[in-house]
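Student: This structure is in structure tokens; I'll ask about it shortly.
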Amino acid sequence: MALKKIRGLGMNKKYPGRLIVVEGCDGSGKSTQLHLLRVWLQSQGYPVVFTEWNSSAIVKQATRRAKRKELLTPTTFSLIHACDFADRYEKVILPPLHAGCIVLADRYVYTAYARDVARGCDLPWVRNTYRFAVQPTIAFYFHAPLEVSISRILFGRPSLKYYEAGMDVGLSLDPVESFKLFQGRIKDQYDKMARSEQFVTIDATRSIHETWGEVHKVVQEKLADYEPPAGKI
Amino acid sequence: MLEMGIRRSDLLGKAISSAKRGNLLGKTTLSLLYATDLADQLENRIVPAMQAGFVVLADRYIYTLMARDLARGADLKWLKSLFGIALEPDLIIFLDAEPEVLFYRTLAKYGELNYWESGMDLPMGSSMFESFLKYQASLRKNFHRLGDEYGFKMIDATPSPKKIHKKISAVVSDYLAQLEQNAPSVQPGTGQIAQAISRPVRVEED
């Protein structure tokens, strides 16, 4: 049946486009680099689609309300983000990939693996939830010592949000302390995945300019055999 | 006693209804929305109630969500792991009827066929009528398959509501009598029953 093919699980699925994702702790500079990459690719005339974590119109309001009212458990936190991801995946990630576009994703399934497990979810369960998603062409991991990314986030911020600081996990009653411990747990998960998921690890302690040089080089190499869809440029 | 059902969570109940109105949903998204809705009811209402010794009645449960998504091409192993967060029910009663019976009853009650109940997002036929029958037949096949695996108590749903009720009462009475025989020391309200059944059901990943 045709439907079976459409719904098949993603990890071995082939597609003519390119999927580039950035991962890393808050404050690692990944969004800045993805922005630079987007501008550069567009200037080269490539068809580019951008998507970011937590931006699907369908669940955005429900998620925001639930976070404000602190209604989420680790399981529902995980699932509501999976809804957000699936909606974006089915609308703005998979179709452009099939059309041969370059899709840029600020955070991908690895964010869920790292965060949900840091919250206490079972890793095989979380991985199963996202098994419909295709393997990215490049997964950049912006790696910085915890103190660096934490000080970047805390700088000029009046307060941390409840879930952002991982207050629901109960690591500490002090938001800043909780944030540090929680980010540490997330970083541990990322570090564990770095090899098995074939992350391209980027040293994120350097200047924006230096980091961009490296990101740019890796992308150029991966695009060497890329052919944009005919008639689009 | 406490009741639960589909699309009744505080978290997402309304969001699902409004998203379905636009018919703009991908199939994986729809499946995950329902899973979230169920998880929210389970974790915030059902598990606490069961720990307090309540009997919970669920009008549809993970099996409906699985049967519907199987009809939409989902992978069974994926569904089993996804819904591994749910509590295993003590008793699963399935009211079984031919699609033609459902068709007649739907028209008698609502005067028209429902878009989703007819599987029109697929669709499975050239008309809504044809799609309804094929979609319901596909659901029924999936339910029977799940019923074998999870031990549904099958009840013929073609007779009158009164007769069906009698059969359901008999099944439930039997179950309660059996429970009393096997565990005479368990008292409702002491939390012992809930402890015994509230362990999460984990499905092994392949």
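Student: Quick one: if you take sqrt(5λ) for each eigenvalue of the C-alpha gyration tensor of the stretch A:17-222, what semi-axes come out, biggest first, whole angstrom?
Tutor: 27, 21, 15
Student: Still on this structure, please answer the following. How large is the charge dipole for the stretch B:2-197, taken about the Cα centre, if only the Cβ atoms of Lys, Arg (+1) and Asp, Glu (-1) carry charge, to the nearest 20 debye?
Tutor: I would put it at about 400 debye.
Student: In chain A, if the dipole is taken from +1 on Lys/Arg beta carbons and -1 on Asp/Glu beta carbons about the Cα centre, which of A:GLN189, A:ILE138, A:TYR15 is farthest to the positive end?
Tutor: Most positive-ward Cα: A:TYR15.
Student: Further question: What's the exposure ranking of B:TRP116, B:TRP78, going from fewest to most Cβ atoms within 10 Å?
Tutor: B:TRP116, B:TRP78
Student: If a/c stays under 1.5 just call it rounded; otherwise compare a/b with b/c (prolate if a/b is bigger, oblate if not). Do that for the stretch A:1-121, with a ≥ b ≥ c from the square roots of the Cα gyration tensor eigenvalues. Provide the component values of the computation, followed by the final result.
Tutor: On the way: a/c = 1.95, a/b = 1.28, b/c = 1.53.
Since a/c reaches 1.5 but b/c is at least a/b, the shape of the stretch A:1-121 is classed as oblate.
Student: Within 10 Å of each Cβ in B:75-88, how many Cβ atoms from other chains are there, averaged over the peptide?
Tutor: 3
Student: For helix A:208-222, what angle does its Cα long axis make with the longest principal axis of chain A, in degrees from 0 to 90 and rounded to 10?
Tutor: Compared with the principal axis, the helix lies near 40 degrees.
Student: Select from the stretch A:145-216 those chymotrypsin sites (Phe, Trp or Tyr not before Pro) which occupy a DSSP coil region and have at most 11 other Cβ atoms within 10 Å, ordered by residue number.
Tutor: Passing both the DSSP loop test and the Cβ count: A:PHE155.
Student: Counting only other chains, and only Cβ atoms inside 10 Å, what mean value do you get across the residues of A:80-93?
Tutor: 5
Student: Fewest Cβ neighbours within 10 Å first, please rank A:HIS216, A:HIS209 accordingly.
Tutor: Details: A:HIS216 14, A:HIS209 8.
Taking fewest neighbouring Cβ atoms as first place, the list is A:HIS209, A:HIS216.
Student: Ignore the peptide's own chain and count Cβ atoms of other chains within 10 Å of each Cβ in B:12-20; give me the average, rounded.
Tutor: Numbers: counts 9, 1, 2, 9, 4, 0, 3, 7, 0.
Partner-chain Cβ atoms within 10 Å, mean over residues of B:12-20: 4.
Student: In addition: Along the charge dipole of chain A, pointing to its positive end and built from +1/-1 on Cβ of Lys, Arg, Asp and Glu, which listed residue (A:ALA62, A:LEU72, A:PRO124) has its Cα farthest out?
Tutor: The residue sitting farthest along the positive end of the dipole is A:ALA62.
Student: Between B:ALA52 and B:ASP96, 0.36 nm times their residue separation minus their Cα-Cα distance comes to what? Walk me through the numbers on the way to the answer.
Tutor: On the way: separation 44, 0.36 × 44 = 15.84 nm, distance 3.25 nm.
Gain in length upon complete extension: 12.6 nm.
Student: How are the Cα pair distances of the stretch B:2-197 distributed, in percent, across 10 Å bins from 0?
Tutor: It works out to 8, 30, 37, 20, 5, 0, in whole percents.
Student: Enumerate the calculated ³J(HN,Hα) couplings along the stretch B:119-124 in order (Karplus 6.51 cos²θ - 1.76 cosθ + 1.60, θ = phi - 60°), each rounded to whole Hz, writing x wherever the residue is Gly or Pro.
Tutor: Ordered by residue, 3J(HN,Hα) equals x, 6, 6, 7, x, 10 Hz.
Student: Next question. Under a 5 Å amide H to amide H cut-off, with H placed in plane at 1.01 Å, what residues pair with A:PHE50 once short-range neighbours are removed?
Tutor: A:LEU104
Student: Give me the angle, in degrees from 0 to 90, between the Cα long axis of helix A:57-68 and the longest principal axis of the Cα atoms of chain A, rounded to the nearest 10.
Tutor: Relative to chain A, helix A:57-68 is tipped by roughly 10 degrees.
Student: A further question on this structure: What number, rounded to the nearest 500 deg cm²/dmol, is the helix-based mean residue ellipticity at 222 nm of chain A, given -39500 (n - 2.57) per DSSP H run of at least four residues and division by all its residues?
Tutor: Result for chain A, helices only: -15000 deg cm²/dmol.
Student: Taking the Cα atoms of the stretch A:142-223, report the difference between the largest and smallest coordinate on each principal axis, in whole Å and largest first.
Tutor: Principal extents (Cα only, largest first): 46, 31, 18 Å.
Student: Run the reach check for A:LYS30 against lysines, Cα to Cα strictly under 16 Å, same-chain hits fewer than 8 apart removed. What comes back?
Tutor: Cα-Cα hits under 16 Å: A:LYS187, A:LYS217.
Student: A further question follows. What ³J(HN,Hα) values, in whole Hz, does the Karplus curve 6.51 cos²θ - 1.76 cosθ + 1.60 give for the stretch A:116-133 when θ = phi - 60°, with x put for Gly and Pro?
Tutor: Per-residue couplings from phi come out as 5, 5, 4, 7, x, 6, 7, 4, x, 5, 5, 4, 4, 3, 9, 5, 6, 7 Hz.
Student: Under 19 Å from a label point 7 Å along Cα→Cβ of B:TYR175: give me every residue in the stretch B:37-53 with its amide N that close.
Tutor: It comes to B:42, B:46-53, nothing else.
Student: Turning to a different aspect of this structure: Under a 5 Å amide H to amide H cut-off, with H placed in plane at 1.01 Å, what residues pair with A:ALA133 once short-range neighbours are removed?
Tutor: So A:ALA133 has HN proximity to A:GLY10.
Student: If you plug each phi of the stretch A:192-197 into the Karplus form 6.51 cos²θ - 1.76 cosθ + 1.60 with θ = phi - 60°, what whole-Hz ³J(HN,Hα) values come out, in order, with x for Gly and Pro?
Tutor: Each residue of the stretch A:192-197 in turn: 5, 7, 3, 7, 4, 9 Hz.
Student: Compute the longest continuous run of chain B that contains no exposed GluC sites (Glu not before Pro); treat a site as exposed when its DSSP state is not H, G, I, E or B and it has at most 11 other Cβ atoms within 10 Å. Kindly include the intermediate steps, with their values, before the conclusion.
Tutor: Numbers: sites that count: B:GLU112, B:GLU204.
It runs B:1-111.
Student: Hey, another quick one. Would you order B:LEU87, B:LEU95, B:LEU11, B:LEU65 from fewest to most other beta-carbon atoms within 10 Å of each residue's own beta-carbon?
Tutor: B:LEU95, B:LEU87, B:LEU65, B:LEU11
Student: Now for a separate question. Report, please, the projected area of the protein assembly as shown averaged over directions, based on the convex hull of its C-alpha atoms, in nm².
Tutor: On the way: hull surface 98.7 nm².
Averaging across all directions leaves 24.7 nm² for the Cα convex hull.
No value in this document is a laboratory result; all are computed from the given coordinates. These numbers were taken from a predicted model, which means no experiment stands behind them. Don't worry about glycine lacking a Cβ; one is built from the backbone with ideal geometry, like all the others, and counts go over all protein chains shown.
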